[in-house]
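The values are calculated or read from the model by the stated rules, or taken from the named source; none is laboratory data. Because the structure is a prediction, the values reported are computed rather than measured. Using ideal geometry, Cβ is built from the backbone for each residue, glycine included, and neighbour counts are taken over all protein chains shown.
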């Protein structure tokens, strides 16, 4: 692969990320890079210089990319399920882009008419490295340790895993899950179990430590119940049946409904039907789990080895070797190409301060409407 980029014999790989949850998504690539002999470092200054830089932040937070070789992926698996993700968060300032699998690769192809959606070298379906550990030899042993630590008995288990938890949601969850043997709660580290459970009778509810890794927690549950959390997408990797409550409000003001990021394998239900939906699942968990797992490979490539595949791509570029997997081909017509260039020029000449105002004003929805009709 002729990249035209010069490196030292063993370049340091810098991982650009902020916060423990975002870093967790990169940890498997860090471990694989170190196993191959690379020095690694985490960096919170997203504009710092680097030989090889791997990013998983929102691109509007990255003022400037200063890595000789730059790689971009996701910190949250639900991001690429938004149909126009690469229009609002372009990847053209990066050399390499990583997506989890064919489902999200197809979404990128539908955005690829836009020049700013295309990384310089290409976009690759490598998988979701955060999930590699689920398929390791030691994973089952750790699950047994968690079951023992929290005294989770045998039987059907359902887990409350929302992005935006509230006491009201917890009450509704508990009311809808009385047929399950075990009811568990796993919140994001930025939330607090005690605050959410205040005033709720939770004698028979198991609260998992907020800082426990989500993949381990999902693996001890048969069903997960959420709003629009990335847990919905990750559930398929652990064989946990995901249920999204479509009218649970989200956002800091609890004033929005879940966005259109749900994968096809998620079971969606309004609050009024949550109890009946969960009751029907508990009666035939294995059949539902089998249907779920049949769809896994379409959403996630290289299950169990995605960090290694990601490093294979990066190393091929570093050493000018043939790429181990082919990048996806963009698809667009001549009119779409012309429209895309014009749109990109407008974006380039719009001040960042004005872009922030437009993002908050709903202008992106208007632009998406225009995009959808201009590229046909």
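Observations, loosely collected:
- Residue count for the range 36-65, restricted to those that are part of a loop (DSSP other than H, G, I, E, B) and either under 22 Å from the mean Cα position of the chain (by Cα) or surrounded by fewer than 18 Cβ atoms within 10 Å (Cβ to Cβ) (or both): 15
- Checking each residue in the range 273-313 for being in a loop (DSSP other than H, G, I, E, B) and in contact (Cβ under 8 Å) with a residue 60 or more places away in the chain picks out 300, 301, 302, 303, 304, 305.
- Selection within the range 49-69 - more than 18 Å from residue 22 (Cα to Cα), free of Cβ contacts under 8 Å to residues at least 40 places away in the same chain and touching a strand residue (DSSP E or B) at 6+ places or on another chain (Cβ under 9 Å): 49, 50, 65, 66
- Residue match in the range 126-148 (condition: assigned to a helix (DSSP H, G or I), in the same structural domain as residue 272 (by TED's automatic domain parsing) and in contact with a strand residue (DSSP E or B) (Cβ under 8 Å, 6 or more places away or on another chain)): no
Quick grid of which residues meet (1) modelled with pLDDT of 95 or more; (2) exposed (fewer than 15 other Cβ atoms within 10 Å of the Cβ):
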| position | (1), (2) |
| --- | --- |
| 119 | yes, no |
| 160 | yes, no |
| 164 | no, no |
| 167 | no, yes |
| 183 | yes, no |
| 187 | no, no |
| 194 | no, yes |
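- Here 327, 270 are screened, and the one residue that is more than 24 Å from residue 75 (Cβ to Cβ) and surrounded by fewer than 19 Cβ atoms within 10 Å (Cβ to Cβ) is 270.
- Which listed residue, of 68, 33, is in the same structural domain as residue 118 (by TED's automatic domain parsing), farther than 26 Å from residue 337 by Cβ, part of a helix (DSSP H, G or I) and over 20 Å from the mean Cα position of the chain (by Cα): 33
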